[in-house]
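Written out below as structure tokens is the structure these notes cover.
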Amino acid sequence: MLVNGKSYQTVWMEGNSVMMIHQNMLPFSFVIHECKTYWDSCMAITEMVVRGAGAIGAAAGYAMAQACMEAPEENYIGFLKEARQDIESTRPTARNLFYAVERVFEAGKISREKAIEEALEVARKDAEDTRAIGQFGSSLISNKSRILTHC
């Protein structure tokens, strides 16, 4: 998405924070919402700060990566299991969310770094797939079309 000449993803990571375009503020304001912890990311998903299957999946994958970064050494796997349940409970019908969380959870069992790599890959792949869908769909829609979207 291009805003004031700058390109944005809907959801991305900066350091250990998950950043997202605050969907509840659009179209009247453009606000970047920062989630500093996995719990902040859970709340953002629950409160629909982030919307759309792919973006929700990316946010959930990043939340799981945050949990990997926050997990204490002495209870690392136990913490991850609890975090996985917390994240999955944010949107129980969101299939992309479960897919992303599971991939990052499994990578997190290997290492914290692998969890971050996997979360980035899940988000990258979703953006690539979404672009491909848009390119295909654009050939089916005339310039004068009016389109309504709904969830």
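The values are calculated or read from the model by the stated rules, or taken from the named source; none is laboratory data. This one's a predicted model, so the numbers in the text were calculated from it and none came from an experiment. Every residue, glycine among them, receives a Cβ derived from its backbone with ideal geometry; neighbour counts consider all protein chains shown.
A few notes on this one:
- For region 1-54, the tally of residues that are modelled with pLDDT under 95, aliphatic (A, V, I, L, M) and under 24 Å from CYS68 (Cβ atoms) stands at 1.
- Test: residue in region 67-84 that is modelled with pLDDT of 95 or more and in contact with a strand residue (DSSP E or B) (Cβ under 7 Å, 6 or more places away or on another chain): no
- Close pairs (6 angstrom Cβ cut-off, 6 or more residues apart or separate chains): aromatic (Phe, Trp, Tyr) in region 19-30, loosely packed, with under 13 Cβ neighbours inside 10 Å anywhere: PHE30/VAL3
- Flag if ARG84 is within 11 Å of MET64 (Cα to Cα) and surrounded by fewer than 18 Cβ atoms within 10 Å (Cβ to Cβ): no
- Top-ranked residue of region 28-45 - restricted to ones that are of a type in the set (Phe, Trp, Tyr) and outside any helix (DSSP H, G or I), ranked as nearest to the chain's Cα centre (by Cα): PHE30
- Here is the figure for region 113-134: residues that are more than 21 Å from ALA65 (Cα to Cα) and of a type in the set (Gly, Ala, Ser) total 2.
- Among the residues listed as ILE133, ILE141, ILE110, the single one being of a type in the set (Val, Ile, Thr) and at pLDDT 95 or above: ILE110
- Identity of the residue in region 1-23, within 20 Å of ILE87 (Cα to Cα) and polar (S, T, N, Q), that ends up surrounded by the most Cβ atoms within 10 Å (Cβ to Cβ): THR10
- Hits in region 77-98 (condition: within 19 Å of ASP126 (Cβ to Cβ) and in contact with a Gly (Cβ under 6 Å, 6 or more places away or on another chain)): ASN96, LEU97
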